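Report on the following structure.
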2 protein chains.
Amino acid sequence: MAGIADKMASNQKQIAISEFFEKNKHFLGFDTLQRSIITAVKEGVDNALDACEEARILPDIRVKINKIDSKKDIIELITEDNGPGIPQKSIEKVFGQLLFGSRFHAIRQSRGQQGIGITGVVMYSQLTTGKPTHILSKVASDATAVSVNIGLDTRKNKAIKSDQDRIIWENDDHTFKEHGVRVTSRMKAKYQRGRQSVFQYLRMTSIVNPHADIIFTDPDGEVHHWPRVTERLPGKVDAIKPHPHGIELGQLQRMCKESKDSRMTVFLRSNFSGVSMRAAKELCEASELAVTAKPKSLKPDQIRALLESFQGERMINNKAIKLLSPPTNCLSPIEEMLIKKGLSKTIDSKFIATMTRAPNVSHGNPFQVEVGLIFGEGMAADKPVEILRFANRVPLMYQQGGCLLTKAVESVDWRQYGLDQPGGRGVPKGPAAVLVHLASTNVQFTSEAKEALSDNEIVFEETRKAMLEMGRGLRKHLEKKKKMAKTREKFELINDILPAIAAKSASILNRPVPALAGSITKIMSAVICEEETVWNTETKLTDVEIILFNYTSRARSYSLLVNWPEKEGAEITANERGGRKEAMGIWAWKIETLDPGEQARVTYSLSGLEKGDWNETEVFFRGNQDVIGATKLDEKMLEEIRRQEEILGDSEIPAGEEEMNGFEPGVVEGQPGQTTLFGGEQ
Amino acid sequence: MAGIADKMASNQKQIAISEFFEKNKHFLGFDTLQRSIITAVKEGVDNALDACEEARILPDIRVKINKIDSKKDIIELITEDNGPGIPQKSIEKVFGQLLFGSRFHAIRQSRGQQGIGITGVVMYSQLTTGKPTHILSKVASDATAVSVNIGLDTRKNKAIKSDQDRIIWENDDHTFKEHGVRVTSRMKAKYQRGRQSVFQYLRMTSIVNPHADIIFTDPDGEVHHWPRVTERLPGKVDAIKPHPHGIELGQLQRMCKESKDSRMTVFLRSNFSGVSMRAAKELCEASELAVTAKPKSLKPDQIRALLESFQGERMINNKAIKLLSPPTNCLSPIEEMLIKKGLSKTIDSKFIATMTRAPNVSHGNPFQVEVGLIFGEGMAADKPVEILRFANRVPLMYQQGGCLLTKAVESVDWRQYGLDQPGGRGVPKGPAAVLVHLASTNVQFTSEAKEALSDNEIVFEETRKAMLEMGRGLRKHLEKKKKMAKTREKFELINDILPAIAAKSASILNRPVPALAGSITKIMSAVICEEETVWNTETKLTDVEIILFNYTSRARSYSLLVNWPEKEGAEITANERGGRKEAMGIWAWKIETLDPGEQARVTYSLSGLEKGDWNETEVFFRGNQDVIGATKLDEKMLEEIRRQEEILGDSEIPAGEEEMNGFEPGVVEGQPGQTTLFGGEQ
């Protein structure tokens, strides 16, 4: 017995992080040969897209896979971009050292996060084929490119550099490459086709990164090209400071300890987002701290008090201290129009609804959820709906079952919205596909492989709400279609049968055929709106026509309003009735007097769009009598839209409130779903 | 443009492993407050069990959770064991330094693997409450215990030690603690009840660790005790060397480079398992290497050649070099009896089947799959079956959907085996629960939280096969029950009606009642076996009675055989008929002549068992006429059992074969399911 504790202790050793990940390469996504190749492509492409976005360059991504030894499953992977390039001195750290990166300490949305991914590829290649990875990198300011082989000393987590040289980098067309990186690795991997494939990964990537031009040459030499569909780069995302709501005590202790600030107010304002001068002073007051106190000298109890003020537990006059929301310019959502485009590109189907929730905050990290749903006849009705998951514009291809996004989809009772779902839980069945995207400054994955999101109540609720709103949009759409179909049927019946009866009766009675307009109107007793949105192949415009029929016995007066993609850059032309802008994306016309039996017509065209961008216009009305085929305008919704325009993320929220109920109050929480405003049909 | 590459590069920094895991604490299982507490308990208990097993101590585990601040969700967790203790100088590294441990470099089955777990708890506690973790540790050779507070400098991955002292450690009953560790942490966490709870985690742990005595005091002060049910520690697991089949090229390169061996044969024999002297020489020959070559001086091509010989691509006389299987004494399966016991303890139900596959090898790592199934009336028939997952005797509570074990369950068409399963895929529905355990020297989890197994074809196939065999056992059981019921019904009918008809006819005809035995026999025309296994509460023995009825018109002769838990230490007593041992766990009797209409009876008792250990005896026979209620003996199966006894994991397998078809040939692959031999019924 004696000595066993010492003996056991003597076997304990420090493990290098590179040894750790070499043994646990499955944490990084290198478990099966099929998955390893997707992981390797993903790490290369993610880095390329991140670098291009940061340098504000429209990305040209080239991926090529060569068979080297089919029997032994050895392939060569080449990834090339036109990003800013990596300076010579940084190459060995970027590719040959784990946990080295620029995005770990910055709070902003990016694909890469940890400084693990591409070094993992170098490590995996070396482990399975013994070969280093070849890097070719050129920065614009150098005349030549660096060519170098990088391996990994896993015992020390250091790069092994060899064959370094400077060379002229020529493109295939013999022009000189201005800047960019090419990475060539040999590894054990198996190329396959199907739902979990490099092809599918790149296709999905192109959907959510329409600014990228991607060319993929597969092992059979077949070339796949996803051209750039927009010249607009995603919005520049700025790194932000942590928000007080997301700080843990241990973190605050460290921040204080490491602070060189001379006084609390400076410390609070320069290290946190959302803290105004007034708020900084109030936080000090609530925490019983002098504004001149030195952060470095705070006692544990004082730090705890400060955290309590952050969290709204310490108040002034019974009120939590108001903090600004974290800025959301650190986020880059895909945006509705692109989701729609992407979805309709992937799956050719009938109905598309999308829903972008306003940004929210979880543990101080801003995030935003976007969802899309496609529903139609082309798809199998008896299979589970396909779930397309994305995080920070990166497709997630594995671990679907363990992902928070899937769980959110499963938590909705889809039977209410027209999809089959035995037991009211689980992935619904039906001719549909669901897209869900999380944009966040801190995407919490379940592992380094970044394939599934770990549990988080606030993100879950936000995703679930997005699904519910989208579901309501789908139901509304289906109900409206049903109602319109019924009305039309009735109308056609009356219009066919009444005149026939009248003619027959008149002929039998030998009387003249009576005027029926009044009677028809009386029987219909409805105002009907018909809308048509079509792509005009000649003019390259989207033509919209709205007709309002008054089938009632009284004269009517309405305001007609429509939604249109103003934010996406469309313009209204050939709008003969004029009208006026009511709010961002909402146009209105006055229909002064519409006599019984009469109709009014509104026509206009939308320029600046492409085919498929805008397939259905939603019509709203102001007025007393209901209009079949249009929606009574919800004035609150309109106000909300106007308010949002003014706000732009500058609203004040009381401290602690987010922590207490899991949501920002007011502005964020109260925002309406936009599905009904922007639902579309192809 | 110029300079952007430099600017971007200048933002890049090295990230400390502790910073990495602090930011990604969800990788370690600290995502939600509910899960964090389970993770913390798990890490403490896993360490305690590992330490006790290694030191060959029967573990006494005490877990206590105290509420500190319910409003802020602050709890205190105390975990105490009677393990060997941790020497003073090791404490700070074990608790305050990530990636420090003894089990990372050793190939053998253990719960802990990485040297992350318990330090993660210290880190999480510090982050959420700012408090260090208190350690009390005593080793047997010291008179006093060390008391010390441990925190973590996350920037440096170093422990922060404070308040170190040596004290007398008294137990509650004022005796002195001989050896052990007590860990006390304060953290933000939420205690909850239900399927994913500390209570459930400990309950499941006690099922698969019956040698542990576990007492849990919950936050309400309620005490739960799972007493030790066996004094037998799990088999001692030895660390093994890597097997040549599991080596990657990069790894072999490093092993050669770091080798100090003077010649290849020494290198091969001392660094790998499964390499005999003959094999070492043949490997050199096939690789065109001198046996005297110095491993350190091998050229890349020579190392590659050696790997090819390992993998059977280089041969001698067209034959791959034969290597021994890796030893399997590095594994510690739960074993059938304990699985049965555990399952019947958890869920009170009718039928239990278990299946332990023989050890197999994946990428050089020995592993073994065990499964159990419980089926019966007590459970809900319209819900998905509960899946109880375990890896190296640790219950897995999260990430069920993303786990290889779940996928293996889902891949089986359970409709064939009497369970409902819409579409023939997915988790089946029905009144059942499935237990599945993987014992392995290298369990590949999807993340550091160790909650789900990542994809691996070989392990998947092995698990699937285990399920299929178990399923067949279930079906066979159900079919046998049905057949017996029918036969019994027929028999009762004949026995009731024939005599009644005979009596009636005789009375009408005024004749004597005829002897009917012959007729009954003729109509039944069957040999029937009835078996009863019951626990005798008086003698504390398990009594078995087998009756063989000959309802045919000819005399019969049989050998009757039964299975019995010989391996588990039972003994046969009161066996009047004598008989003989046929193989391990199989006893046989000769029934010389059984005349028409006669019956033979075999009775015996089993000692050394507890109530519930053995509830059904399977009866086999040798002979020509079929026996209803018994199974015709499959002689091959018997041979297999005998062969296994002799082998004990010492068989030779050809090099490379495992890599080529994913399975070891012969011994392992050809092994029959044991479900039919050891299926049981309560």
Scan of region B:90-102 for residues that are at the interface with chain A (Cβ under 8 Å from one of its Cβ atoms) and either within 13 Å of residue A:6 (Cβ to Cβ) or in a helix (DSSP H, G or I) (or both), ordered by number: B:90, B:93, B:94, B:102
Hits in region B:422-439 - residues which are buried (at least 19 other Cβ atoms within 10 Å of the Cβ) and at positive phi: B:430
Among the residues listed as A:69, A:73, A:81, A:50, the single one being without any contact (Cβ under 8 Å) to a residue 40 or more places away in the chain and either over 32 Å from the mean Cα position of the chain (by Cα) or more than 8 Å from every other protein chain (Cβ to nearest Cβ) (or both): A:69
Residue match in region B:115-129 (condition: more than 9 Å from chain A (Cβ to nearest Cβ), within 30 Å of residue B:446 (Cα to Cα) and in a loop (DSSP other than H, G, I, E, B)): no
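Out of all the residues in region B:390-410, which are without any contact (Cβ under 8 Å) to a residue 60 or more places away in the chain and not hydrophobic (A, V, I, L, M, F, W, C)? Break it down stepwise before answering.
Taking region B:390-410 and keeping what is without any contact (Cβ under 8 Å) to a residue 60 or more places away in the chain, we get B:396, B:399-410.
B:399, B:400, B:401, B:402, B:406, B:407, B:410 - these are the residues of region B:390-410 that are without any contact (Cβ under 8 Å) to a residue 60 or more places away in the chain and not hydrophobic (A, V, I, L, M, F, W, C).
Could you please find all residues in region B:276-320 being part of a loop (DSSP other than H, G, I, E, B), touching a residue at least 40 places away in the same chain (Cβ under 8 Å) and not aliphatic (A, V, I, L, M)? Outline the logic, then answer.
If we filter region B:276-320 for residues that are part of a loop (DSSP other than H, G, I, E, B), which is where we start, we get B:276, B:287-294, B:298-299, B:311-315, B:317-318, B:320.
Imposing the further condition that a residue be touching a residue at least 40 places away in the same chain (Cβ under 8 Å) reduces the set to B:276, B:298, B:311-313, B:320.
B:276, B:311, B:312, B:313, listed by residue number.
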Of all residues in region A:307-321 being under 35 Å from the mean Cα position of the chain (by Cα) and farther than 17 Å from residue A:362 by Cα, the one that is farthest from the other protein chains (Cβ to nearest Cβ): A:321
Enumeration of residues in region B:29-42 that are open to solvent by 10 Å² or more (accessible area, probe 1.4 Å) and more than 8 Å from every other protein chain (Cβ to nearest Cβ): B:33, B:34
In region A:546-568, the residues that are out of contact with any Leu (no Cβ under 8 Å at 6 or more places or on another chain) and either in a loop (DSSP other than H, G, I, E, B) or without any contact (Cβ under 8 Å) to a residue 24 or more places away in the chain (or both): A:552, A:553, A:554, A:566, A:567
Residue identified as more than 10 Å from chain A (Cβ to nearest Cβ), outside any helix (DSSP H, G or I) and open to solvent by less than 10 Å² (accessible area, probe 1.4 Å) among B:63, B:45: B:63
Checking residue B:143 against (1) assigned to a loop (DSSP other than H, G, I, E, B); (2) open to solvent by less than 10 Å² (accessible area, probe 1.4 Å); (3) more than 8 Å from every other protein chain (Cβ to nearest Cβ), the condition it does not meet: (2)
Hits in region B:241-258 - residues which are in a loop (DSSP other than H, G, I, E, B), open to solvent by less than 10 Å² (accessible area, probe 1.4 Å) and not aliphatic (A, V, I, L, M): B:243
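Here is a yes/no grid of residues against (1) of a type in the set (Asp, Glu); (2) farther than 22 Å from residue B:556 by Cα; (3) open to solvent by 90 Å² or more (accessible area, probe 1.4 Å):
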{"position": "B:472", "(1), (2), (3)": "no, yes, yes"}
{"position": "B:508", "(1), (2), (3)": "no, yes, yes"}
{"position": "B:517", "(1), (2), (3)": "no, no, no"}
{"position": "B:530", "(1), (2), (3)": "yes, no, no"}
Qualifying residue in region B:439-455 (condition: outside any helix (DSSP H, G or I), more than 14 Å from chain A (Cβ to nearest Cβ) and not β-branched (Val, Ile, Thr)): yes
When residues of region A:474-506 are limited to those that are within 17 Å of residue A:548 (Cα to Cα) and aliphatic (A, V, I, L, M), the one least open to solvent (accessible area, probe 1.4 Å): A:484
Residue count, region B:562-577 (criterion: more than 22 Å from the chain's Cα centre (by Cα) and open to solvent by 30 Å² or more (accessible area, probe 1.4 Å)): 7
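Mind checking which residues of region A:533-561 are hydroxyl-bearing (Ser, Thr, Tyr) and open to solvent by less than 70 Å² (accessible area, probe 1.4 Å)? Please lay out each step first, then the result.
Going residue by residue through region A:533-561, those that are hydroxyl-bearing (Ser, Thr, Tyr) are A:533, A:537, A:539, A:542, A:551-553, A:557-559.
Matches in region A:533-561: A:533, A:542, A:551, A:552, A:557, A:558, A:559.
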Residues satisfying the stated conditions in region B:286-303, i.e. surrounded by fewer than 18 Cβ atoms within 10 Å (Cβ to Cβ) and either within 14 Å of another protein chain (Cβ to nearest Cβ) or modelled with pLDDT under 90 (or both): B:299, B:300, B:301, B:302
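Scanning region A:456-470 for residues that are open to solvent by 10 Å² or more (accessible area, probe 1.4 Å) and closer than 15 Å to residue A:354 by Cβ, which turns out nearest to the other protein chains (Cβ to nearest Cβ)? So that I can check it myself, show each step before the final result.
Kept after step one, since they are open to solvent by 10 Å² or more (accessible area, probe 1.4 Å), are these residues of region A:456-470: A:456-461, A:464-465, A:468-469.
Among the residues that remain, those that are also closer than 15 Å to residue A:354 by Cβ are: A:465, A:468-469.
Values: A:465: 19, A:468: 22, A:469: 25 Å.
The extreme case among them is A:465.
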Residues located in region A:183-234, provided they are among the β-branched types (Val, Ile, Thr) and at pLDDT below 90: A:207, A:208, A:229, A:230
Residues of region A:4-22 classified as within 7 Å of chain B (Cβ to nearest Cβ) and either open to solvent by less than 10 Å² (accessible area, probe 1.4 Å) or not β-branched (Val, Ile, Thr) (or both), total: 10
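Could you look through region B:130-140, keep only residues that are in a strand (DSSP E or B) and of a type outside the set (Gly, Ala, Ser), and pick out the one that is surrounded by the most Cβ atoms within 10 Å (Cβ to Cβ)? Working first, answer last.
To start, the set of residues in region B:130-140 that are in a strand (DSSP E or B) comprises B:133-138.
Narrowing further to those that are of a type outside the set (Gly, Ala, Ser): B:133-136, B:138.
On the way: B:133: 25, B:134: 19, B:135: 26, B:136: 20, B:138: 28.
By that ranking, first place goes to B:138.
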Meets criteria (at pLDDT 85 or above, in contact with a Pro (Cβ under 8 Å, 6 or more places away or on another chain) and small (Gly, Ala, Ser)) for residue B:96: no
Residue in region B:359-367 that is over 13 Å from the mean Cα position of the chain (by Cα), modelled with pLDDT under 85, surrounded by 24 or more Cβ atoms within 10 Å (Cβ to Cβ) and not in a strand (DSSP E or B) present: yes
Search result, residues across region B:165-187 that are within 32 Å of the chain's Cα centre (by Cα) and either assigned to a strand (DSSP E or B) or away from every other protein chain (no Cβ under 14 Å) (or both): B:180, B:181, B:182, B:183, B:184, B:185
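Give the residues of region A:406-425 that are in a helix (DSSP H, G or I) and away from chain B (no Cβ under 12 Å), sorted by residue number.
Of all residues in region A:406-425, those in a helix (DSSP H, G or I) come to A:406-410, A:414-417, A:422-424.
Across region A:406-425, the qualifying residues are A:408, A:409, A:414, A:415, A:416, A:417, A:424.
Any idea how many residues of region A:146-164 are in a strand (DSSP E or B), open to solvent by less than 50 Å² (accessible area, probe 1.4 Å) and within 12 Å of chain B (Cβ to nearest Cβ)? Quick ask: steps written out before the conclusion?
Our first condition is that a residue be in a strand (DSSP E or B); within region A:146-164, this holds for A:146-153, A:158-164.
Right, trim to open to solvent by less than 50 Å² (accessible area, probe 1.4 Å) and you get A:146-153, A:159, A:162.
Imposing the further condition that a residue be within 12 Å of chain B (Cβ to nearest Cβ) reduces the set to A:146, A:151-153.
Count: 4.
The values are calculated or read from the model by the stated rules, or taken from the named source; none is laboratory data. Because the structure is a prediction, the values reported are computed rather than measured. Every residue, glycine among them, receives a Cβ derived from its backbone with ideal geometry; neighbour counts consider all protein chains shown. Heavy atoms of the whole protein, side chains included, go into the accessibility calculation; ligands, DNA and RNA do not. Shrake-Rupley method; radii C 1.70, N 1.55, O 1.52, S 1.80 Å.
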